[in-house]
Amino acid sequence: MKNSSFLKKKIIKKYNMESKFNRKIKLLRVVTQAEVVPWHLNNFIERSKDDYELFIVGNGVSRFKNQYPYVVFIDNEIVRKTSIFYDLIALIKLIIICFKIKPEIIHSIMPKAGLLAPVAGLLSFVPIRIHTFTGQVWATKEGFSRKFYKFIDKLIFNTATSCLTDSPSQSNFLADNGFLVKGKPIEYIGKGSLSGVNLDVFDVDLVKKRNALRSELGIDENDFVYVFLARKSIVKGIKELIESFAKVAHLPNVKLLFIGPDESNGYLDVLLAEHQNISSKIINLDIVKNHERYLAVSDVLCLPSSSEGFGTIVIEAAALEVPSIGFDIVGLSDSIENGYSGVLVPLKDTDKFSETMIKFYEDKEYLQRLKSNARERVIKYFSADVIYSLQNKFYKSLLK
């Protein structure tokens with residue numbers, strides 16, 4: 001009888017354990033701005049339906065409720081700039097949300113979300129609190145600003161139960177600045193990236209249809225197109241981009257596809273006015289939908305950014321056989337394999353940047369080799385399916 005009772009308890013325990021890890025995990029993702037949802041969470045969301053009961057909190061995120069009907073979106077006004085009043089209100093609301101949902105995991109990205117989410121999770125007894133660092137605001141600052149923003153990241157780091165970065169070089173940079181987990185750098189998923197590339201969307205077959213969109217944009221079939229696709233800000237390198245392009249604009253049939261929202265506070269207008277002589281070769285666009293179509297019409301991606309967590313746009317371009325030129329900085333040194341899927345040049349060196357732009361233009365064999373390499377590398381390391389599998393495995397390892 002005792003053996004029978006023991007066996008019954010063992011079977012029940014095993015059943016409960018299997019049920020625990022086979023059921024959906026209650027996951028709360030916290031973001032600052034709604035734009036992060038399609039930019040960085042989309043690939044995870046589309047694959048998460050069978051594994052997660054997913055909640056997403058952030059500023060204006062409910063706009064996506066029809067696009068993802070199986071996700072619960074909750075608006076919470078988390079502002080990007082420091083505001084004690086609004087930050088306190090957002091924190092209180094987030095604590096209430098946590099008590100209502102009772103998530104097993106709360107996971108934030110972006111600095112402000114990262115400041116609020118681990119604290120809210122701690123105060124509402126959420127057992128697993130994760131933050132993913134996607135670049136450091138303080139990395140390019142000096143003096144008090146550097147110390148202040150580094151202190152905020154330290155606070156996030158110490159309040160979360162686990163942290164990730166989105167690139168190996170970022171983990172090493174943080175380790176060099178004292179962010180260590182049991183004496184080791186912070187973990188990252190795979191070889192980096194937040195959610196990988198959806199190869200069904202960034203399908204190389206788009207390149208075969210690129211002449212139709214080129215025609216719409218006033219780009220000739222034989223034009224050589226450099227593309228910039230990011231926020232038009234000083235930190236993303238608009239000054240270095242325009243100065244570099246000015247050095248290659250004399251070449252026949254070159255165009256710059258210049259895409260993204262203007263976040264330069266008027267500096268971009270001044271910059272373009274200073275380079276009016278090349279304005280006819282610049283196609284200046286705001287935010288675009290289906291940005292994969294714009295990458296597909298291009299030959300080389302130019303990203304002279306001085307601060308990146310990883311550089312998702314680099315691997316999206318690479319999936320469409322578009323190699324990249326970037327500065328040799330944390331993040332980009334992972335998304336671009338120098339000399340294989342693109343080229344890294346010294347930070348702020350516009351001479352080297354423009355020389356590399358010219359090399360791609362002149363050396364068709366070199367360009368073709370890097371195009372093929374770029375696509376191959378994405379398929380091997382950065383497909384959305386690969387990254388989702390690793391992310392799912394990471395979550396479940398914490399639950400165990």
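Here, each number is a calculation from the coordinates, and none is a lab measurement. Just so it is clear, the structure is predicted and the values come from calculations on it, not from any experiment. Every residue, glycine among them, receives a Cβ derived from its backbone with ideal geometry; neighbour counts consider all protein chains shown.
Quick notes on this structure:
- Note on I92 and K396: the extension gain reaches 106.6 nm, defined as 0.36 nm multiplied by sequence separation minus the Cα-Cα distance.
- Here's the picture: a label point sits 7 Å out from the Cα of R80 along the beta-carbon direction, and within segment 226-257 the residues with their amide nitrogen under 12 Å of it are 231-236.
- Ordering D363, D286 by the number of other Cβ atoms within 10 Å of each residue's own Cβ, fewest first, gives D286, D363.
- Helical mean residue ellipticity (222 nm; -39500 (n - 2.57) per DSSP H run of 4+; nearest 500) of the chain: -13500 deg cm²/dmol
- Ordering S171, S233 from the fewest to the most neighbouring beta carbons within 10 Å gives S233, S171.
- Contour minus Cα-Cα distance for H250 and E142 (0.36 nm per residue): 35.1 nm
- Centre-to-centre, using Cα atoms only, segment 211-288 and segment 319-364 are separated by 17 Å.
- Placing +1 on the Cβ of every Lys and Arg and -1 on the Cβ of every Asp and Glu, with no other charges, gives segment 205-381 a dipole of roughly 340 debye about its Cα centre.
- Per-residue Cβ neighbour counts within 10 Å put F310, F245 in the sequence F245, F310, beginning with the fewest.
- Positive-end ranking of S305, L199, S108 along the dipole of the chain, with charges on Cβ about the Cα centre, is headed by S108.
- Net charge of neighbours whose Cβ lies under 13 Å from the Cβ of L94, counting Lys and Arg as +1 and Asp and Glu as -1: +2
- Among 313-325, 218-230, 144-156, 103-115, the peptide with the highest mean count of other Cβ atoms within 10 Å heads the list, and the full ranking is 313-325, 103-115, 218-230, 144-156.
- Cα-based Rg of the chain normalised by 2.2 N^0.38 Å, two decimals: 1.07
- Rounded tilt (10° steps) of 350-362 against the dominant C-alpha axis of the chain: 80 degrees
- Taking a straight Cα-Cα cut-off under 17 Å and skipping sequence neighbours fewer than 8 places away in the same chain, the lysines within cross-link reach of K182 are K154.
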